[in-house]
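The next block holds one structure in the form of structure tokens; read it before the comments.
The values are calculated or read from the model by the stated rules, or taken from the named source; none is laboratory data. As the structure is a prediction and not an experimental result, all values here were calculated from the model. Ideal geometry is used to build each Cβ from the backbone, glycine not excepted, and the neighbour counts take in all protein chains shown. Heavy atoms of the whole protein, side chains included, go into the accessibility calculation; ligands, DNA and RNA do not. Shrake-Rupley method; radii C 1.70, N 1.55, O 1.52, S 1.80 Å.
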Amino acid sequence: MAQYEGLADIYDYLVSSVDYEEWLRYIEGILARFNCRAEVVVDLACGTGNTTLPFARRGYRVTGVDLAGEMLAKARSKADREGLAVEFLQQDMCDLKLPELVDLVTCYHDGLNYIIKKEDLLRVFTSVSTYLKPGGLFIFDLVNVRKLARTDSSTTFVDEDDLSLIWETNYFQDEDIWEIDLTCFVRQGEYYRKFRETHREKAYTREAVEEIIRLSGLKRQAVFHSYTFEPAGEHTYRQFFVVKKTAKTS
């Protein structure tokens, strides 16, 4: 099964404790810090819209982009229920096709860690550069999956009334890839539906990311420690990068 094809039905339940409004307040703090006024926003790897809808609630003109149609269907339903005018596009962020230039691009919650090949990560940054206005920002996080890694495999269980979830993890040190095999049973009426998915995340060094930023023609402004304005350090689990499209970049 493709990534998020089955997980779409339970994804919002799994992330129900995340304060996405607080995430947006952090993004707005970054915008203020770098004197960036954003009106038009693109949210990459938007999933079920949890990172996108807070922008719309605050009056931004926002578009969500994701590769998983099942996740986007959930996002559209939520936007419709709230009466929010949000466009959701099913696209590969390695090859964006947007109708206009934008002020801000975001991508968080491990979205870029799912890009396994460095050349594809460069394609993402090049696409972003194409659609960012001069002076616009690309704000994204990268999680240090090495912090999650174990030299041996591990298995975790969640067993509740309406679902049972088993995930087995492996870390492949030669590739710096963390692999998660999910098996889930979800109650549907009197029965349970079973699905299996495999997710893979890549660990990128800060040096590798900064080289890709440079090659794309963008310019790094800062790298922050997890939802703060403190510089990211060696042991930072989640790094937030702030990247700018300079006026000289075409």
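Observations, loosely collected:
- Among the residues of the stretch 179-193, those that are out of contact with any helix residue (DSSP H, G or I) (no Cβ under 8 Å at 6 or more places or on another chain) and either of a type outside the set (V, I, T) or touching a residue at least 40 places away in the same chain (Cβ under 8 Å) (or both) comprise E179, D181, F185, R187, Q188, G189, E190, Y191, Y192, R193.
- Unique match (being in contact (Cβ under 8 Å) with a residue 24 or more places away in the chain and more than 25 Å from R200 (Cα to Cα)) among R25, R58: R58
- Whenever a residue of the stretch 158-178 is without any contact (Cβ under 8 Å) to a residue 40 or more places away in the chain, its partners that are open to solvent by 80 Å² or more (accessible area, probe 1.4 Å) and part of a strand (DSSP E or B), lying with C-beta atoms within less than 8 angstrom and at least six residues away or across chains, give the pairs D161/R187; D162/R187; S164/F157; S164/Y192; I166/F157.
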